[in-house]
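Chemist: Supplied in C-alpha cells, the structure appears directly below.
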Ligand code: SAM
Ligand code: SF4
C-alpha cells in the first residue's frame, strides 16, 4: 500500500531534537479526550476501590463466582469486581480463577497460540526513561537506525529462515525516525518476499508497531501503509512515579499525551490498539486497576477496547540498576495472577507475554489465558542478519536483556506436546475483521472459529516450509486432531476448509478465511 501524498504532507517536519517536544505534544489532541478536564485515571478513586475491596470479605466464594460468571459471558468487569479478584488469597479460589481464565481464553480464541517476533528498527531516542538502555545520554549504547537494505536483510532471516509471518516493529523516539521513516520501514517489510528452505515464496503479512504516541495526522499515515496493531505501553499509570521515571522536558514526560495515544489512534482509524504496563515500576494492584479504567474509557468513547494487552516486566538493561533495585518488582506467582485477572476482567482481549520472561514463567502463562508469544527473538538492532537465527545477546546493542531465547521451532514443539496448535494467522485485519467488528465477533465466539481454521491452514504452511523431520512428526497428530474437530463442529463449512488445506499441501500459499 502506498502513502497518500496528501496525508504525508501533513506530518510535522522537525529541524532538530530541541524543538521536538514543543511541536509534538499537541494540547488540543489531548484535551478533546478528557471531557471537562477530567482524566479517566482517577488515582483517588482507584485507591479507594482497592481499600474497600480489601476491607470486604474478598474470599467470599459466592461473590467471586458471580464475577467469574460475568467473565465466562465475555463481559468486561467493573473496577470494583476486579478489585475483589485482586484481593482473593484463598488457594482454591485462586485455582478456580486460573481455570476460568483458561476456559474464557478457549471460548474466545480456541486452542491456539499466535507466534510473532520483534524487529527493532532504531535505538535513537530523545527521551530519558530511567529503566531503558536506549535512553538519551546512555553512552554505552551503540546507536543505529536500519537502512531499507538492512530492513530487507532482517526480513530475509525472519520470514525466509525462521518462518515468521507477523512482526512487531519497534522504534525509539527521535526526529530521524519520524513517521515517514516508520512508514517506509513498514512498506519495505511488506514488499520483501523471499524463498523458504523448501522453495515457497514467503513474506511478512502483518506488521504491528510499537512506537511513541503520535498525532492523529501521523497515525493516518500509518493506517494507510497498513499497520496491524499500534502498541504503546503506558509503563506506569501512577503520575508521581511516571514523573520520576520520565523527566520533565522530554516528550515522554507528558503523561496526558501518552495516556491519550489510543484515543488518537482510534480517531485516525487505526482500530487495533495494544496496551501494556511495565510491571516492576509501581504497585501492580494499582496498575491493573488503572489498565481496566483505560480499557473501559476506550470502550466508552469508541465502542472498542484494546485489541491486545501485553505484560512487560522490568529486565536488566545497560547503564541502569532500577531493574534490580525497584521496590515494586514482582515474583512469578504475582505475574501469573496479573495475567489471570486481566483475562477475567477484559475477556475479549488478546494477551501477549514476550521473551522478557523466563521460559518457566512463559510456559506457566500459556495455561492461564495468553494468546500470543514471540520466539527466536533478537532485539539487537540488525540482530537477525548479524547472528542469523542463533540466539545471541549484547547488552549494549539492545534495550534490555531477554530471558527466553528459545527458537520458534522449539516453542512450536513445546506447545504441540501440550496439544496446542501454533497459529501464524493474519487474516483478521486483512479481511477487515478489526476494531469494533472483531470485538463483536470475539464476544460471540465467532472469531474463535475463524481462528481455528486459519490456525490450521497457516500451521500447515509452516510445517511444510520450515519444520525439521522430528518437529513435523510431533505436530502432524495435533494438526490432524484440529482438522477433525473442524469437521465435527462445522460440518457445512468443512469441505471449503479441506479444499484450501489440500491446495496448501500442493504448494499454494496464503489462503485464508
Ligand atoms: N520508544 C517508544 C516508547 O517508549 O514508547 C517505543 C517503545 S520501547 C522501544 C518498547 C518498550 O520496552 C517500552 O515501552 C517499555 O515498556 C519496554 N522497556 C523499556 N525498558 C525495559 C526494560 N528494562 N525491561 C523490560 N521492558 C523495557
Ligand atoms: Fe526511548 Fe522508549 Fe527507551 Fe524511553 S522506553 S528511552 S522512549 S526507547
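Chemist: Of the residues 287, 267, which single one is assigned by TED's automatic domain parsing to the domain that holds residue 127 and either under 26 Å from residue 178 (Cβ atoms) or surrounded by fewer than 23 Cβ atoms within 10 Å (Cβ to Cβ) (or both)?
Modeler: So the residue among 287, 267 that is assigned by TED's automatic domain parsing to the domain that holds residue 127 and either under 26 Å from residue 178 (Cβ atoms) or surrounded by fewer than 23 Cβ atoms within 10 Å (Cβ to Cβ) (or both) is 267.
Chemist: Condition test on residue 308, is it under 17 Å from the mean Cα position of the chain (by Cα) and within 12 Å of ligand 1 (Cβ to nearest atom)?
Modeler: no
Chemist: Across the stretch 229-241, what is the total count of residues that are closer than 23 Å to residue 175 by Cα and either touching a residue at least 60 places away in the same chain (Cβ under 8 Å) or within 14 Å of ligand 2 (Cβ to nearest atom) (or both)?
Modeler: Within the stretch 229-241, residues that are closer than 23 Å to residue 175 by Cα and either touching a residue at least 60 places away in the same chain (Cβ under 8 Å) or within 14 Å of ligand 2 (Cβ to nearest atom) (or both) number 6.
Chemist: Considering every residue within the stretch 112-120, establish whether at least one is within 16 Å of ligand 1 (Cβ to nearest atom), touching a helix residue (DSSP H, G or I) at 6+ places or on another chain (Cβ under 9 Å), in the same structural domain as residue 395 (by TED's automatic domain parsing) and part of a loop (DSSP other than H, G, I, E, B).
Modeler: No, the stretch 112-120 has no match at all.
Chemist: Against the conditions (1) outside any loop (DSSP other than H, G, I, E, B); (2) within 16 Å of ligand 1 (Cβ to nearest atom), where does residue 108 fall short? Just the number, please.
Modeler: For residue 108, the failing item is (2).
Chemist: Looking at the stretch 177-229, which of its residues are in contact with a strand residue (DSSP E or B) (Cβ under 6 Å, 6 or more places away or on another chain), surrounded by fewer than 21 Cβ atoms within 10 Å (Cβ to Cβ) and farther than 21 Å from residue 374 by Cβ?
Modeler: Once the filter is applied, which keeps residues that are in contact with a strand residue (DSSP E or B) (Cβ under 6 Å, 6 or more places away or on another chain), surrounded by fewer than 21 Cβ atoms within 10 Å (Cβ to Cβ) and farther than 21 Å from residue 374 by Cβ, the stretch 177-229 yields 193, 201.
Chemist: Now, a different point. Does residue 259 satisfy the criteria of being out of contact with any helix residue (DSSP H, G or I) (no Cβ under 6 Å at 6 or more places or on another chain), in the same structural domain as residue 359 (by TED's automatic domain parsing) and more than 26 Å from residue 37 (Cβ to Cβ)?
Modeler: So residue 259 fails the test.
The values are calculated or read from the model by the stated rules, or taken from the named source; none is laboratory data. Please read these numbers as outputs of a predicted model, since none were measured by experiment. All Cβ positions, even for glycine, are placed from backbone atoms using ideal geometry, and neighbour counts span all protein chains on display.
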